[in-house]
Amino acid sequence: MLEKIKILIVDDEPEARDILENLLGEIDGIEIVAKANNVETGVEAIIKYSPDIVLLDIQMPKQNGFELIHEIRDINLKPTIVFVTAYNEYAIDAIKHSAFDYLLKPVKLTDLQKTLLRYNKEKTQQETTQQHLTLLDEIKKSKLRFNTRSGFILIDINEIVYCQAQGSYTLICKKNKNTELITTHLSQIEELLEGEQFFRIGRSTIINLNHLTKVDHKQRKCTIELGSDEVELSISRKYFGELEEKM
């Protein structure tokens, strides 16, 4: 469930602030943290309340809405900006200032709802993406669990020297020269090991680049360090160029 959207209203006209407040009162999941009547008090409110969205008028006495954006960016504050103005000629400037949306006065409830729904949708997508990235980071810092024919095994990815497909299974060779046959397809292993450290050199083989010691152009083979020994593995034509670029 999404948390309430914290909103700050910045407009020099009391009636305009009240209209927005009334419209927002008809929408669930909204918290109006403050109302400000100029850029100076608007910046102070942003610092104090950390709103998610600022509903910002453009044409105001002394300083306009664009100047507020410059001020908060100078102090590295980046709430979502939605311009609310009676003048549609500011639309291009609003886009240049990376406004999330642009609402014309008199603001309609349906237009405001659409803006907030889009904000919620994009926020959810960003949070989901970040969760996936965080999970991937945590996975790569820890041991991975792989199923075997008799149970499961935990393997530190830094111990993996190379992986080879064995039908629908995968053979993992570790630094200590021990091997483990796991019931996971190589393509799934590739997703888990995605990053700078590992590279697929053919349909059936993934190597740990930290153990790569030699590449033979003519024979299209590479030599992998395995403890005190070395192992030669073939590189397919498809992946040879990519390996050259990566190294």
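Residues in region 69-86: is at least one among the acidic types (Asp, Glu), in contact (Cβ under 8 Å) with a residue 24 or more places away in the chain, farther than 19 Å from residue 3 by Cα and surrounded by 17 or more Cβ atoms within 10 Å (Cβ to Cβ)? Before the answer, list the steps.
Looking only at region 69-86, we keep the residues that are among the acidic types (Asp, Glu), and these are 71, 74.
Imposing the further condition that a residue be in contact (Cβ under 8 Å) with a residue 24 or more places away in the chain reduces the set to 71.
Pick out the ones that are also farther than 19 Å from residue 3 by Cα and you get 71.
Now narrow it down to the ones that are surrounded by 17 or more Cβ atoms within 10 Å (Cβ to Cβ): none.
The answer is no, given that none of the residues of region 69-86 is among the acidic types (Asp, Glu), in contact (Cβ under 8 Å) with a residue 24 or more places away in the chain, farther than 19 Å from residue 3 by Cα and surrounded by 17 or more Cβ atoms within 10 Å (Cβ to Cβ).
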Within region 11-59, restricting to residues that are in contact (Cβ under 8 Å) with a residue 60 or more places away in the chain and assigned to a strand (DSSP E or B), the one that is farthest from residue 77 (Cα to Cα) is 30
Those residues of region 1-55 that are within 14 Å of residue 83 (Cα to Cα) and in contact with a Phe, Trp or Tyr (Cβ under 7 Å, 6 or more places away or on another chain) come to a total of 2
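Is there a residue being exposed (fewer than 13 other Cβ atoms within 10 Å of the Cβ), within 28 Å of the chain's Cα centre (by Cα), closer than 23 Å to residue 118 by Cβ and among the hydrophobic types (A, V, I, L, M, F, W, C) anywhere in region 1-13?
Taking region 1-13 first, the residues exposed (fewer than 13 other Cβ atoms within 10 Å of the Cβ) are 1-4.
Filter once more, so that each one left must be within 28 Å of the chain's Cα centre (by Cα): 1-4.
Now drop any that are not closer than 23 Å to residue 118 by Cβ, which leaves 1-4.
Narrowing the set further to residues that are among the hydrophobic types (A, V, I, L, M, F, W, C) leaves 1-2.
Checked against the condition, which is being exposed (fewer than 13 other Cβ atoms within 10 Å of the Cβ), within 28 Å of the chain's Cα centre (by Cα), closer than 23 Å to residue 118 by Cβ and among the hydrophobic types (A, V, I, L, M, F, W, C), region 1-13 yields at least one hit.
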Of the residues in region 211-232 that are surrounded by 13 or more Cβ atoms within 10 Å (Cβ to Cβ) and within 12 Å of residue 161 (Cα to Cα), the one that is farthest from the chain's Cα centre (by Cα) is 231
Residues of region 25-49 being touching a Lys or Arg at 6+ places or on another chain (Cβ under 7 Å) and of a type in the set (Gly, Ala, Ser), in sequence order, are 29
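Yes or no, residue by residue, for (1) of a type in the set (Ser, Thr, Tyr); (2) within 30 Å of the chain's Cα centre (by Cα); (3) modelled with pLDDT under 90:
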site: 132; (1), (2), (3): no, yes, yes
site: 145; (1), (2), (3): no, yes, yes
site: 149; (1), (2), (3): no, no, yes
site: 152; (1), (2), (3): no, no, yes
site: 156; (1), (2), (3): no, yes, yes
site: 161; (1), (2), (3): no, yes, no
site: 168; (1), (2), (3): yes, no, yes
site: 177; (1), (2), (3): no, no, yes
Of the conditions (1) modelled with pLDDT of 95 or more; (2) on the phi > 0 side of the Ramachandran plot, the single one that residue 32 does not satisfy is (2)
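Quick check on my filter: what residues within region 194-245 are among the basic types (Lys, Arg) and touching a strand residue (DSSP E or B) at 6+ places or on another chain (Cβ under 6 Å)? Write out each step before concluding.
Step one: filter region 194-245 for residues among the basic types (Lys, Arg), giving 200, 203, 214, 218, 220-221, 237-238.
200, 214, 221, listed by residue number.
The values are calculated or read from the model by the stated rules, or taken from the named source; none is laboratory data. Model, not experiment: these values are computed from the prediction. Ideal geometry is used to build each Cβ from the backbone, glycine not excepted, and the neighbour counts take in all protein chains shown.
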